[in-house]
Amino acid sequence: MNSSTRSDIDVLVIGGSAAGSAAALQLGRVRRSVVVVDAGEPRNAPAAHMQGYLGHDGMAPADFVARAHDEVRAYGTEIVVDRIIEVTDDEDRLVGTTESGRTFRARRILLATGLRDLLPDIPGVWENWGDRVIHCPWCHGWEVRDQRIAVIDTTGMGTHQALIFAQLSARVTLVVNTEATLTDEQRERLELAGVAVEDRSVIAIDAQDDHLTLNLGGAAVDDSASGRLDVDVAAVAPRFEPNATVVEHLVDVADHMSDLGRVVAADALTGLTSHPRIHAAGNVADPMQQVLHAAAHGSRVATMLNVSLIEEDLDDARRSAEERTEWNDRYAGRGDQMWSGNPNGSLVAEVSGVAPGRALDVGCGEGADAIWLAQQGWEVTATDISTTAIARARAAASARAVDVSFEAVDAAVDPPPAASFDLVTIAYPSFKRDNGARTFRSILDSVARGGALFVIGHVLDEEALKHAHEHGFDPAIYLLLDDMVDLLPRDFSIEVDDTRERPNAPADSHHSQDRVLVLRRDS
Ligand SMILES: Cc1cc2nc3c(=O)[nH]c(=O)nc-3n(C[C@H](O)[C@H](O)[C@H](O)COP(=O)(O)OP(=O)(O)OC[C@H]3O[C@@H](n4cnc5c(N)ncnc54)[C@H](O)[C@@H]3O)c2cc1C
């Protein structure tokens with residue numbers, strides 16, 4: 001089936017700035033189905049320009065993201081301007097829900113949500129942040145060269161910052177705002193670099209027309225008198241917090257080695273977090289990255305994430321091929337026809353008289369139900385893992401001059417298109433437990449709004465179980481109807497849950513009763 005309309009996507013990228021867009025670009029180019037959800041608030045948004053990015057030096061941050069989004073969209077990737085507010089783990093799928101109520105079921109999440117800068121609690125810092133209050137000599141240093149620069153040390157990082165700013169200006173002052181005093185060694189290094197030291201704290205920053213006035217007082221070292229320091233710019237070292245609230249119940253968040261904040265713990269090469277299906281890239285995992293590094297990180301993590309998807313694809317393909325062979329052997333072992341050729345009596349009883357629309361029959365076998373539905377006016381797609389069954393079904397439809405689209409498809413690896421069918425039917429489902437939940441969920445998702453999923457199952461009474469075990473068949477390895485009821489999402493309700501005599505049961509059947517479920521999706 002067409003992968004672009006699948007209900008499950010390969011990767012949900014949360015955050016579509018440098019790291020997320022670069023990751024999405026790579027994944028789109030290798031035809032992964034990807035959705036990027038981006039709240040549109042990159043860390044450097046307060047700054048007018050983005051410096052130090054080769055090829056884009058000086059570009060406005062918003063222009064950079066807009067261009068990145070255009071490049072990502074060119075490969076068919078959807079970018080949704082919204083915020084993920086909840087992530088849940090449905091065994092082998094992750095589900096992200098946005099503020100506006102959209103949900104995305106994905107095999108992997110790539111977390112590229114960046115971080116929040118926690119600025120020192122000094123009046124005037126926030127108001128001038130990204131303009132005359134800066135933090136990064138690499139991002140803004142050249143632009144403030146030769147100016148009067150005050151490095152306000154609230155974290156112990158001040159000496160390090162001041163030594164870099166001293167390369168750019170001979171007028172740098174380190175204001176010792178921390179509880180801790182400078183060591184003799186630090187003072188010596190600052191002196192050698194020509195950095196002045198001010199031992200009083202900054203109480204507030206007042207922006208004047210063309211400069212900043214730092215109001216000093218409350219000495220860090222001694223109780224010297226209050227005063228003022230006029231400078232052109234001030235530098236601070238923010239603490240930080242990863243934007244990871246939505247996944248904190250799923251991944252480990254650890255202290256960063258700088259002691260200035262926390263990060264989502266992720267493998268340096270693959271970006272894999274403590275969750276086997278969540279990767280992280282960019283500032284959320286490494287606060288020291290600038291835009292170029294974050295983009296490179298996203299790009300690399302995407303390639304490693306893709307490798308893990310390839311391995312999973314191969315496992316699926318191997319299992320699917322084995323199951324197809326098993327089913328083909330069963331059909332071949334029962335002559336030219338395994339089933340009665342009649343439509344299922346419970347299906348006929350339930351669906352007769354329903355206004356026809358689009359129908360999907362999953363696990364259609366030799367096609368009797370699908371052919372009957374088509375004869376009632378339904379536009380039918382019917383799928384089965386067995387190529388033998390599909391060949392027989394096509395022959396049966398052609399003999400009766402009935403038009404049904406039969407496809408040899410394993411619903412576990414190739415889910416049906418989302419929200420597309422008014423009626424979906426599954427007769428006697430045999431979804432193995434290891435991937436049954438995900439298969440069933442994608443089938444549920446193929447039901448159109450207001451449509452119904454019709455499931456007919458065997459009633460597993462003592463006699464039926466005994467017969468199954470005697471024939472080497474263990475129903476416990478399959479998803480049961482009770483499991484399906486447990487998996488129902490909020491937008492489905494149970495319209496029918498009945499145990500009935502099985503109409504027209506084949507004479508050799510060991511199941512005299514059917515359990516019938518009609519599960520209706522909200523309009
Ligand atoms: C003031 C300032 C100026 C800077 N200037 C420069 C510079 O000149 N050059 C440079 O190289 N670096 C600069 N940086 C650093 C730069 O901002 C970061 O390196 C870069 O933004 C990291 O990219 P990222 O993709 O990891 O995260 P971000 O760019 O922060 O992007 C994270 C994205 O995720 C989104 N998001 C977060 N949570 C969610 C959610 N739940 N759902 C959906 N979306 C979500 C955000 O809205 C944002 O769009 C500057 C930083 C600051 C603070």
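The values are calculated or read from the model by the stated rules, or taken from the named source; none is laboratory data. Bear in mind that the values here come from a model prediction, so they are computed numbers and not experimental data. A quick note on method: Cβ atoms are made from the backbone with ideal geometry, for glycine too, and the neighbour counts reach across all protein chains shown. Heads up: the accessible areas ignore ligands, DNA and RNA and are worked out on the full protein's heavy atoms, side chains in. Shrake-Rupley method; radii C 1.70, N 1.55, O 1.52, S 1.80 Å.
Side notes on the structure shown:
- Residue match in the stretch 133-149 (condition: within 15 Å of the ligand (Cβ to nearest atom), of a type in the set (D, E, K, R) and under 18 Å from Ser21 (Cα atoms)): no
- Test: Arg107 is crowded, with 18+ Cβ neighbours inside 10 Å, closer than 24 Å to His279 by Cα and either touching a Cys at 6+ places or on another chain (Cβ under 9 Å) or basic (Lys, Arg) (or both): yes
- When Gly357 is tested against the conditions (1) under 38 Å from the mean Cα position of the chain (by Cα); (2) farther than 21 Å from Leu481 by Cβ; (3) open to solvent by less than 10 Å² (accessible area, probe 1.4 Å); (4) of a type in the set (Gly, Ala, Ser), the lone failure is (3).
- Within the stretch 19-57, the set of residues being open to solvent by less than 50 Å² (accessible area, probe 1.4 Å), among the aliphatic types (A, V, I, L, M) and in contact with a helix residue (DSSP H, G or I) (Cβ under 8 Å, 6 or more places away or on another chain) comprises Ala19, Ala22, Ala23, Ala24, Leu25, Leu27, Val34, Val36, Ala47, Met50.
- Pairs where the first residue, in the stretch 113-131, is on the phi < 0 side of the Ramachandran plot and the second is among the acidic types (Asp, Glu), C-beta under 7 Å, 6+ apart: Leu115/Glu241; Arg116/Glu241; Leu118/Glu241
- Scanning the stretch 269-297 for residues that are part of a helix (DSSP H, G or I) and open to solvent by less than 30 Å² (accessible area, probe 1.4 Å) returns Gly282, Asn283, Val284, Ala294, Ala295, His297.
- Exactly one residue out of Ala370, Ala359 is free of Cβ contacts under 8 Å to residues at least 40 places away in the same chain, within 14 Å of Glu407 (Cβ to Cβ), touching a Ser or Thr at 6+ places or on another chain (Cβ under 9 Å) and not polar (S, T, N, Q), and it is Ala370.
- Of Asp434, Asp410, Asp403, all but one fail to be in contact with a Ser or Thr (Cβ under 8 Å, 6 or more places away or on another chain) and either closer than 26 Å to Asp315 by Cα or open to solvent by 40 Å² or more (accessible area, probe 1.4 Å) (or both); the exception is Asp410.
- Filtering the stretch 123-146 to residues that are open to solvent by 60 Å² or more (accessible area, probe 1.4 Å) and more than 35 Å from the chain's Cα centre (by Cα) leaves Pro123, Trp142, Glu143, Arg145, Asp146.
- The test for being more than 20 Å from Ala24 (Cα to Cα), surrounded by fewer than 17 Cβ atoms within 10 Å (Cβ to Cβ), in contact with a Gly (Cβ under 9 Å, 6 or more places away or on another chain) and modelled with pLDDT of 95 or more does not hold for Ala234.
- Every pair of residues 6+ apart whose Cβ atoms lie under 6 Å, when the first sits in the stretch 295-307 and is over 24 Å from Met50 (Cβ atoms) while the second is open to solvent by less than 30 Å² (accessible area, probe 1.4 Å) and not in a helix (DSSP H, G or I): Leu305/Arg108; Leu305/His279
- Unmet requirement for Asn342, which otherwise passes all of (1) surrounded by fewer than 24 Cβ atoms within 10 Å (Cβ to Cβ); (2) in contact with a strand residue (DSSP E or B) (Cβ under 8 Å, 6 or more places away or on another chain): (2)
- Checked across the stretch 101-122, the condition of being within 15 Å of the ligand (Cβ to nearest atom), closer than 24 Å to Asp491 by Cα and among the acidic types (Asp, Glu) holds for no residue.
- 1 or more residues at pLDDT below 95 and farther than 18 Å from Pro123 by Cα: qualifying strands (runs of 3 or more DSSP E) within the stretch 143-225: 196-198
- Helices (runs of 4 or more DSSP H) wholly inside the stretch 298-411 that include at least 1 residues being in contact with a Leu (Cβ under 8 Å, 6 or more places away or on another chain): 345-351, 368-375
- If you go through the stretch 386-401 and pick out every residue that is without any contact (Cβ under 8 Å) to a residue 40 or more places away in the chain and over 42 Å from the mean Cα position of the chain (by Cα), you end up with 5.
- Residue within the stretch 31-52 that is within 14 Å of the ligand (Cβ to nearest atom), touching a Cys at 6+ places or on another chain (Cβ under 7 Å) and not aliphatic (A, V, I, L, M) present: yes
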